[in-house]
Amino acid sequence: MNAAKPRPSSAKRPVRAPAPSLPDFDRLDATHRQMMLTLEQLRLLIDQLEDQGLNEQTRSLATEICEFFDDSARSHHAAEEQVVFPPLLASGDAALAHHVRRLQQDHGWLEEDWLELRPQLRAVVEGYSGFDLAYLRAAIPVFTELYREHIALEEDIVYPASRQQTR
């Protein structure tokens with residue numbers, strides 16, 4: 001009978017940092033779809049506030065919007081920054097790196113815009129009438145347009161390049 005050779009113990013292996021996980025593009029794409037829906041809800045909220053004022057419906061809608069941008073959108077941006085962008089920046093492709101740096105800059109601007117919009121929307125959530133509807137009506141199109149351009153750049157150029165790298 002042949003004696004099986006003992007396998008090397010994993011305890012003897014050097015400790016090293018875990019490899020980053022591969023991007024889950026289905027999840028990233030689903031978040032983009034949800035972003036587009038939430039941006040539309042944001043526009044509808046402003047119309048409803050103008051037509052109906054504060055009520056349970058507008059407060060509930062503002063709550064959903066705040067929860068999405070406070071949680072899902074921020075987690076989405078962090079995942080891109082940690083998993084999608086680094087390999088593309090290290091790829092040696094100058095044009096691609098330029099696009100990624102623009103997206104990183106967008107993340108900063110989107111966060112700044114959100115931090116300015118959030119207190120206004122939180123006032124709605126809490127049922128306070130101290131929100132500035134004129135400010136929201138002016139700021140939301142800027143926020144929405146930046147998100148739309150950002151998502152288009154990711155989906156048209158950056159995600160396909162990242163998918164190609166992970167094959």
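Computed from the coordinates by the stated procedures, all read-outs in this text should not be read as laboratory data. What you see is a predicted model; the values in this text were computed from it and never measured. Here Cβ is always computed from backbone atoms with ideal geometry, including for glycine, and neighbour counts include all displayed protein chains.
Condition check: within 19 Å of LEU28 (Cβ to Cβ), out of contact with any Gly (no Cβ under 6 Å at 6 or more places or on another chain) and among the basic types (Lys, Arg). Does ARG122 satisfy that? Answer is no for this residue.
Quick one: count up the residues across region 51-62 that are part of a helix (DSSP H, G or I) and within 22 Å of ALA134 (Cβ to Cβ). Residues in region 51-62 being part of a helix (DSSP H, G or I) and within 22 Å of ALA134 (Cβ to Cβ): 7 in total. If you check GLU50 against the conditions, is it free of Cβ contacts under 8 Å to residues at least 40 places away in the same chain and of a type outside the set (Lys, Arg)? No, not satisfied. Tally time: how many residues in region 60-82 are surrounded by 17 or more Cβ atoms within 10 Å (Cβ to Cβ) and more than 10 Å from the chain's Cα centre (by Cα)? Residues meeting the conditions: 4.
Is it true that some residue in region 104-114 is among the aliphatic types (A, V, I, L, M), over 14 Å from the mean Cα position of the chain (by Cα), surrounded by 13 or more Cβ atoms within 10 Å (Cβ to Cβ) and over 19 Å from PHE25 (Cβ atoms)? So far as region 104-114 goes, no, none of its residues is among the aliphatic types (A, V, I, L, M), over 14 Å from the mean Cα position of the chain (by Cα), surrounded by 13 or more Cβ atoms within 10 Å (Cβ to Cβ) and over 19 Å from PHE25 (Cβ atoms).
The residue that is farthest from ILE65 (Cα to Cα), counting only those in region 81-134 that are among the small types (Gly, Ala, Ser) and in a helix (DSSP H, G or I), is ALA94.
Inside region 128-167, can you point out the residues that are of a type in the set (Gly, Ala, Ser), under 30 Å from ASP26 (Cβ atoms) and touching a residue at least 40 places away in the same chain (Cβ under 8 Å)? Passing the criteria: ALA161, SER162.
Residues of region 140-164 that are surrounded by fewer than 16 Cβ atoms within 10 Å (Cβ to Cβ) and more than 14 Å from the chain's Cα centre (by Cα): PRO141, VAL142, GLU145, ASP156, PRO160, ARG163, GLN164.
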